[in-house]
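Down below is the structure, laid out as structure tokens.
The values are calculated or read from the model by the stated rules, or taken from the named source; none is laboratory data. Computed from a prediction, not measured in an experiment: that's the story for all the values here. Cβ sites come from the backbone with ideal geometry, for glycine too, and all protein chains shown count toward neighbours. Quick note on the areas: whole protein, heavy atoms, side chains included, nothing else; ligands and nucleic acids left out. Shrake-Rupley method; radii C 1.70, N 1.55, O 1.52, S 1.80 Å.
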Amino acid sequence: MIYELTKAAHIVSVIVFLSGMAIVEMFLRYPNANTLPAIQNFDRYVTTPAMLLTWALGILLGVLGGWFEVGGGFWFGLKILLVLILSALHGMITGRLRRKVREGNFDPDSATRTALPIGFGLVVVIVLLVTTKAI
Ligand code: HEM
């Protein structure tokens, strides 16, 4: 029961983390001075803690499920690598958001145009890996 409850909490934190990332990415595409403080607070107090909780619960699942043990499956190692990349992507867009605030610059951020499709692609592969455990 503990394992299933942990997995349920893991999936909820994943959903909050990913929707928070999408909000920041959309904001960087269509910046607006009025909503900026709210977006920044949401990222600081909701999205980032959700990302940390996703990791903590994921590691707990790994320990409880014996997935860190030899033979736990290549899927797990590859999943962690892809989530590291996704977390770095979050770090990059949060950094650009912070800079926008500091500079008071409300021009669309062309550099992050690819962040949303890349993030989405990563999530599709992550979910396929963990649900099929095919490798
Ligand atoms: C955004 C990142 C993540 C996504 C989208 C994600 C998605 C999922 C999903 C959908 C499940 C349920 C799979 C099932 O019941 O078949 C799951 C389970 C699990 N996740 Fe994650 N996860 C993420 C991050 C992590 C991280 C960072 C770790 C470890 C450090 C991790 C470790 C696990 C483990 C061990 C399970 C249990 C597998 C099982 O019991 O079948 N996850 N994850």
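Answer with yes or no whether TYR45 is in contact (Cβ under 8 Å) with a residue 12 or more places away in the chain, hydroxyl-bearing (Ser, Thr, Tyr) and open to solvent by 30 Å² or more (accessible area, probe 1.4 Å).
no
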In this structure, is LYS100 touching a Pro at 6+ places or on another chain (Cβ under 8 Å) and either charged (D, E, K, R) or at positive phi (or both)?
yes
First in segment 5-24 and open to solvent by 10 Å² or more (accessible area, probe 1.4 Å), second anywhere and aromatic (Phe, Trp, Tyr) and part of a helix (DSSP H, G or I), Cβ under 8 Å, 6 or more apart
ILE23/PHE42
Which pairs turn up if I take residues in segment 101-121 that are among the polar types (S, T, N, Q) and look for partners that are part of a loop (DSSP other than H, G, I, E, B) with beta carbon separation below 7 Å, at least 6 apart in sequence or on another chain?
none
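Only residues that are assigned to a helix (DSSP H, G or I) and surrounded by fewer than 16 Cβ atoms within 10 Å (Cβ to Cβ): list them for segment 124-135, please.
VAL124, VAL125, VAL127, LEU128, THR131, THR132
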Matching entry among ILE80, ILE135, ILE126, ILE85 (being under 20 Å from PHE68 (Cα atoms) and touching a residue at least 60 places away in the same chain (Cβ under 8 Å)):
ILE135
For the structure I just gave you, tell me whether ILE39 is open to solvent by 30 Å² or more (accessible area, probe 1.4 Å) and either touching a Cys at 6+ places or on another chain (Cβ under 8 Å) or among the aliphatic types (A, V, I, L, M) (or both).
no
Restricted to segment 68-117 and to residues being part of a loop (DSSP other than H, G, I, E, B) and within 16 Å of the ligand (Cβ to nearest atom), the residue least open to solvent (accessible area, probe 1.4 Å) is GLY72
Can you tell me which residue within segment 53-67, out of those that are outside any helix (DSSP H, G or I) and open to solvent by 30 Å² or more (accessible area, probe 1.4 Å), is nearest to VAL123 (Cα to Cα)?
TRP67
